[in-house]
Structures are given as structure tokens and as C-alpha cells.
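Peer 1: Questions regarding the structure given below will be posed in turn.
The values are calculated or read from the model by the stated rules, or taken from the named source; none is laboratory data. None of these values were measured; they are calculated from a predicted model. Backbone-built Cβ (ideal geometry, glycine too); neighbour counts: all protein chains shown.
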């Protein structure tokens, strides 16, 4: 037996490791045109200029009256109602002293000075309207191009498209968007101790859980997931699985198998078809992370422990995926929040502990933490809505401001 | 012309309106069993107890040595390495003075006192190991049932299932989950001024944009969306469309057509087959909201303006949908954040302005706001990551703590 490797290698700084990993991410070149309703969650490949002014015509912001006063500042004023303009119809030019009954969104007629909300108008017996208070010119009139000028970018390259983005594109008449093609990610789950749920557990065996969050999360992120099943822990099977995956996928993700442990066929298999770097990162949970290439395909080896794998995925693999999709800010920013717990024991590794927001009184929100942060099961992650980033060697007292990373942000972008 | 109704009716309080709306939400009774990989994003219909202890067996938290010292506190101690236990295999009982080489996750052998990390062990020439520092009993041993005790609930009814929930269920051998069936939502978009993107705009016409965010958002929320296309603005077409939708859907959503405006066939059509309440809510954007029934099907009438419709949807319709799915907390809690902007002009309505988080220096984050909050287009919503809830009659100065509603939370739950 040799002295295990981990006692010799110094730990790699977390930020440095992530920067290095991101430096290896090549943006996928291919894009495709998809219809608006298929574009939700996809990454925009190029900026989208507006083909038109919005509003395309000056229109009313209220249900009320478009007015053309002879003298705008003389009140009370009486105006003759000469027309009625519903949304979708078009009026004729107003003459001084005239008004048009108008509805929200309807084009204001030529010579409109302002629109008066119907609440501020008195209807007179003869069908005319009286206005008692002068209003500024242009009030409640939306000018042509006021919201969006023709040619200006309404969406920027690298955005993750959300429902409101699709609506914005629709509002200027756009029907399709050019998005990066989906990333193809192959999962390689190794380990003879892993059994699929539904099968009886033999001695020393545990259920495969990494498959489930990985598949769901990658699918939610818009990836095409390939999952050929658990790879038997032999050099041959591992090599065949990696080779097959490299022919189809942009990225191969493994869980477990790559560590300082001795039961490691993945490493040798990757090295036989490419290269692999094994990093020991000063992070907790986490620590081991492998980056390499199998032929031309990126390879990421996550830890086998589900909590370590999940945290390493959201902090390392997710930014890597975002960078491959050409997103402008692959690493998401934390936000300051108040800790509602003590964290008295410093660690030499930077820690990412599982926390949840809790409303303590009206307006005030603190973070509470999952008590057993060392847990090997997913309870803490299932319970959490975010991570708190604790610098190496630091402690926390309740009331301190801490760096909170909302999981919804990390995943939604 | 009659005096329009809105000048007479007092505005309804926002919270009161939402409470009233939620009081009408009946939880859908039907549930269905789906496999784990289909369960992401669905709402759990019943609590899930664990069918097993986790860990199912006491196991090692480290790569190292399981030890059985003759005298645990006498150091240095020398132990004979008698076996090697990899994950997935099983050892035999240790005798005093013995140790087992062991790997993370592997079952500790009988009589294990503690596990020592390999970094803290000296390998001797004769193959035995020396330990220089005493360790507490049970160190780096994960006890059976330590994380999850058999019979305890691992997931609670009404949760929106996330990837980590699926992994947690998998880790205790569960293969399927019982979730509420999907809500069926019919969209009825009315208005002769609405044109589908891709068609040329006639005078006074605008592109339909509500369809796009509504379809994408409802789909993202796990609803089955029915969308028969834009309904022509006639009493007959409106009635037929509503009747057809009521036969298939749990909820009918319309945009526009229900307001104080006079061009309103939806209201009469709903009343002919059920009932409708038209509320004027003291909120901005928003204000008009209709709730009713078409036969037995819920009916929600959103404003026609896309920004008003979107904000009303996330603040009113979304909690209603969540309540129908049996979620414990249909209304999501705001969080305090620092405003990075002034809001000098109070409004008599409670305002929900579109904001975005901005990192101003290390650790500090403020909210910036979209300058044109009155905009009729979706630019502000597409840009925003949340809403700030401004009480009626209030102003804000940069540096104030405000109530921030993250859109990712509202949507993700």
C-alpha cells in the first residue's frame, strides 16, 4: 500500500478551480431557429433588434376622452364628443373644441392634446363633456416608439429565455428566435454498490439517487440527457461506456469513481482516450472534482456522495454548462442575508452549507440551516432553498450578514 | 352614455381581494402515480414516509481505517490491518487490536470503535497502522438510521417536487410518487385588435403577446394548456368558446374583455352560464380582475394590458392555481431588500414595480427599478427579476428596506 495521494497534494482554491474550469469551456457553435412557444428556457444565440416601433401608433393609456381643447389651460372647458374609438378601430382628426370617447389601447386621433380618464370627466346633458382641471400635454397618450424604438435590441445574446421574453418578442411581431442548440450531456454512474430503487438492497449496497436529481436538473436546464444506466465497475465496461458517450455528447458527467480511492477505473479509462486532471478543491461538501477530455468531449467527474455531487454540480458544473451555452455571466452572484444561526466551528475548507429563508416577523427574514451538514443523504438539499458561502477559517454568529446563493437563481439563471 | 361604473365603485383592498379569491379555490381531488423521473415539478398529493433506515447500515464517512482498539485512549496505538472493505462489500467482525482498510460508504465491520481518516494514519513496514491521536467513539461512522429513520416523512404533502426531492425518494428505494393531476387551463384571448405575430398589423392593431407568456408560464408550472386561438369579439363566439372550455378545463383564463370598458362580451357570456364578479382592486399595475364560474369551471379574467395581466397573474392567479393544487402556502413571502432608487410619487393604489437586483460592491446588493413603470409593453417584466411591493400612499428613498418578491420564487415555489 502506498501513502494515499490526498495527504500530499495541497487543496486548490475554490475560485481558482472554478476559473480554471470555466477557461476550458468552449461555447457550442451551433444555433437553431425555434418558434416562440418552443423557446422558453433556451439560450438566445444572438441579440434581437425590434422590427418596429412600440407602440406602433400613438394610443390611449386609459379609458376616457381624447381631447383637442381650443385653449388647453382654460378650465372648466366644454368639448363636443364627435366620435368613439374602440381598440382596433381608428378615428378621424379632432378639431379644436372636440373630444373623442376612447378606450385603452385605441389609437388617439390626429390633433389629440391629451387623454382624460373617464373618472375626471363630467358628462353633460347635451352629450358633450366638461373638464374642470387642466392637464399637461401628452397626458395618458403613449407616443409611437415610446417603449421600443425600431432597430433597438429587445433581447441580448446569451439570455436564458423566460416567458416575458417571449411575450416581448411577440409584441413586436417576431415569431421565431435563434437559440443555441441543446447541450447533450451523458451521465455515467459507476459503482457496484449502487442499486436502482425498486430492487432489494444487498449487504453494503445503497440506492442510486444521483441519477434522479441529475436527470431532472439537466432536463430542467434544457439539456438532452443520455443515460445508459449504471456502468459496472470494470476497466472494460467503463472504457466502452466513456467511448460511446464521447461520440454523442458535449459533456460526460460521472458521479463517484474519480477520487483518491483505489477503486477507480474511470480515471484510467479517461486517460486512455484523452486526459484527466484530478483536483482536490478546498470546498466542503465537495473536494474531489475531475476535469478532462474523452476524445473531443468534455468530462466532469463529480464526487459520489449525493450532497457533495449536488453542491459541486451547482457551483462548478452548472457555470461550466452556462459558459458552454455562451451565457454572459455563467457564475451567479450571491446576495447578502442575515444568518439566524451560529456556525461556531471554522473549517480549513470553504463551506457551502444548506440553508432556508425563514420569515421571523413582518418584513424580517433570516436564514436557518440544516442541522446535520455532514449528512450523506439529500434531506438537507431537498429542504434547502439556498447555500451560504462561508470562507475558510470563518465562523458565523446569528445576526451576521452572510453570502446567500439562492438555488432557484442558480438553476433558473 | 351612462356614467362609467368605475367612478362609483370604491377600490377593493389587495390583500382582501386575494384572500377572497383564494377562498374560492377548491383543491382538485384527483391524484396519479408517476415515476420519479416524471415527477419533477409536480405537486405531491400525500406525505411520503421512508420505507427504510438511512443509512441502512452503519458505514464509513471517510476513506481510512475502521479500528477496534484494545484501549481507545492509549496512544500511539498500533493496529493490525486484517481486511479491506470496499463500498459494496462486507467485512467480518474486528477483534481488539485490529483495523480494516475501509472506503467511504462501505459498511463498517462489527466491533468498529471509530474510523480514522487515511491522512491521520501511519503505515508501518509490517503492514500494520499506527495512530498517534485518540479519537472519540463513533467518529466518521454514519450510524444506521442517522439521517432518516424508517417511517418518518421524507416529503410533505403539497410540496412542489424538485430534483433533490426525487433523489431523496430514490435514496430510500421509492420508484413512484403520488402527485396531483395536472391542472387543465384554457386560455381565451379576446379582442379584435389582437393579431398573431407574423401577420401584418392593420391600423389600430397590436400583436398578441399575452398568449406567449401565459402559455410558457402555465406550461412551466406544470399545467396542461388549452388554447383555441383568439376569440372574435362577438357575443356568440365568446359564448361558444367559454362553453367549450368549461367542458374540458379546471380554469378558464381570459385577458382583456372584462373591464369597465364597454366592449365586453365576456362578462355577459359568463353570466349566461354561471356568474361573475368584477373587482376593481387597489393595485397598480392591475386593477380589474374578474372571478366567476362557467358552469362548474373556475373563471379568471385578467386585464388586457400585458404588464397588468402578468403582474395580476403572478400575484393573484398563481396563488389561486397553487391553492387548487393543494399547496400549503399558496402565497409566497416577500423578502426585505435595499432599494437603490427613489420612488417619490405616492399612489392611492398599492404598487408592484418591476425591479432587478444589482451588485454594487462586494457583498452589497440593491434593487434598481425599470424607469418607465407605466409602460404597456413587456420590456419591464422581461428585464425584471422581481417586484417591489409599495404600500398605497408610500414613497421610497434609496437606502430604504423594501419588500421584494423574487419572480423566480413566485414561479418556482
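Peer 1: Name the single residue, out of those in region A:167-179 being farther than 23 Å from residue B:304 by Cβ and either surrounded by fewer than 23 Cβ atoms within 10 Å (Cβ to Cβ) or modelled with pLDDT under 95 (or both), that is nearest to the other protein chains (Cβ to nearest Cβ).
Peer 2: My answer is A:176.
Peer 1: May I pose another question? Residues A:364, A:382: which one is over 23 Å from residue A:399 (Cβ atoms), free of Cβ contacts under 8 Å to residues at least 40 places away in the same chain and either surrounded by fewer than 20 Cβ atoms within 10 Å (Cβ to Cβ) or not assigned by TED's automatic domain parsing to the domain that holds residue A:311 (or both)?
Peer 2: The unique qualifying residue is A:382.
Peer 1: Still on this structure, please answer the following. Filter region A:243-284 for residues that are closer than 23 Å to residue A:381 by Cα, touching a helix residue (DSSP H, G or I) at 6+ places or on another chain (Cβ under 7 Å) and in a loop (DSSP other than H, G, I, E, B); which is modelled with the highest pLDDT?
Peer 2: Once the filter is applied, the top-ranked residue is A:282.
Peer 1: Here is a follow-up. Does residue A:143 satisfy the criteria of being exposed (fewer than 15 other Cβ atoms within 10 Å of the Cβ) and within 42 Å of the chain's Cα centre (by Cα)?
Peer 2: yes
Peer 1: Given the options B:125, B:139, B:119, name the one that is within 25 Å of residue A:304 (Cβ to Cβ) and in a loop (DSSP other than H, G, I, E, B).
Peer 2: B:139
Peer 1: Right, next: Out of B:194, B:187, B:201, I need the residue that is buried (at least 22 other Cβ atoms within 10 Å of the Cβ), within 11 Å of another protein chain (Cβ to nearest Cβ) and touching a strand residue (DSSP E or B) at 6+ places or on another chain (Cβ under 8 Å). Which one?
Peer 2: B:194
Peer 1: Next question. Can residue B:324 be described as within 18 Å of residue B:226 (Cα to Cα) and more than 18 Å from the chain's Cα centre (by Cα)?
Peer 2: The answer is no for residue B:324.
Peer 1: Could you identify the single residue in A:225, A:314 that is more than 8 Å from chain B (Cβ to nearest Cβ) and in a helix (DSSP H, G or I)?
Peer 2: A:314 is the lone residue from the list that is more than 8 Å from chain B (Cβ to nearest Cβ) and in a helix (DSSP H, G or I).
Peer 1: A further question follows. I'm told residue A:198 meets every condition in (1) under 28 Å from residue A:324 (Cα atoms); (2) out of contact with any helix residue (DSSP H, G or I) (no Cβ under 8 Å at 6 or more places or on another chain); (3) assigned to a loop (DSSP other than H, G, I, E, B) except one. Can you identify the failing condition by its number?
Peer 2: (1)
Peer 1: If you scan region B:204-222, which residues turn out to be at the interface with another protein chain (Cβ under 8 Å from one of its Cβ atoms) and assigned to a helix (DSSP H, G or I)?
Peer 2: B:210, B:211, B:212, B:213, B:214, B:215, B:216, B:217, B:219, B:220
Peer 1: State the number of residues belonging to region B:210-236 that are over 30 Å from residue B:38 (Cα atoms) and touching a residue at least 24 places away in the same chain (Cβ under 8 Å).
Peer 2: 6
Peer 1: Tell me which strands (runs of 3 or more DSSP E) are completely within region A:318-413 and hold 1 or more residues being closer than 22 Å to residue A:281 by Cβ, or say none if there are none.
Peer 2: A:350-361, A:364-369, A:386-390, A:401-406
Peer 1: If you don't mind, another one. Considering every residue within region B:233-242, establish whether at least one is farther than 16 Å from residue B:293 by Cβ, within 14 Å of another protein chain (Cβ to nearest Cβ) and modelled with pLDDT under 90.
Peer 2: yes
Peer 1: Name the single residue, out of those in region A:25-42 being under 28 Å from residue A:293 (Cβ atoms) and out of contact with any helix residue (DSSP H, G or I) (no Cβ under 8 Å at 6 or more places or on another chain), that is nearest to the other protein chains (Cβ to nearest Cβ).
Peer 2: Result: A:42.
Peer 1: Can I ask one more? Of all residues in region A:296-341, which are without any contact (Cβ under 8 Å) to a residue 60 or more places away in the chain and over 22 Å from residue A:251 (Cβ atoms)?
Peer 2: A:333, A:340, A:341
Peer 1: On to the next question. Output the residues belonging to region B:50-76 that are surrounded by fewer than 21 Cβ atoms within 10 Å (Cβ to Cβ) and more than 13 Å from chain A (Cβ to nearest Cβ).
Peer 2: Those that are surrounded by fewer than 21 Cβ atoms within 10 Å (Cβ to Cβ) and more than 13 Å from chain A (Cβ to nearest Cβ): B:70, B:71, B:72, B:73, B:74, B:75, B:76.
Peer 1: Only residues that are away from chain A (no Cβ under 12 Å) and either more than 26 Å from residue A:194 (Cβ to Cβ) or in contact (Cβ under 8 Å) with a residue 60 or more places away in the chain (or both): list them for region B:77-92, please.
Peer 2: Once the filter is applied, which keeps residues that are away from chain A (no Cβ under 12 Å) and either more than 26 Å from residue A:194 (Cβ to Cβ) or in contact (Cβ under 8 Å) with a residue 60 or more places away in the chain (or both), region B:77-92 yields B:77, B:78, B:79, B:80, B:82.
Peer 1: So if I check each of A:344, A:391, which one is surrounded by fewer than 19 Cβ atoms within 10 Å (Cβ to Cβ), within 22 Å of residue B:360 (Cα to Cα) and either out of contact with any helix residue (DSSP H, G or I) (no Cβ under 7 Å at 6 or more places or on another chain) or in contact (Cβ under 8 Å) with a residue 24 or more places away in the chain (or both)?
Peer 2: A:391
Peer 1: Count, please, the residues in region A:348-376 that happen to be farther than 16 Å from residue A:404 by Cβ and either out of contact with any strand residue (DSSP E or B) (no Cβ under 6 Å at 6 or more places or on another chain) or within 9 Å of chain B (Cβ to nearest Cβ) (or both).
Peer 2: 9
Peer 1: Kindly indicate whether residue A:164 is within 7 Å of chain B (Cβ to nearest Cβ) and not in a loop (DSSP other than H, G, I, E, B).
Peer 2: Taking the combined requirement at face value, the residue satisfies it.
Peer 1: On to the next question. If residue A:125 passes every condition in (1) more than 11 Å from every other protein chain (Cβ to nearest Cβ); (2) buried (at least 22 other Cβ atoms within 10 Å of the Cβ); (3) closer than 30 Å to residue A:81 by Cα but one, which one does it miss?
Peer 2: Unmet condition: (2).
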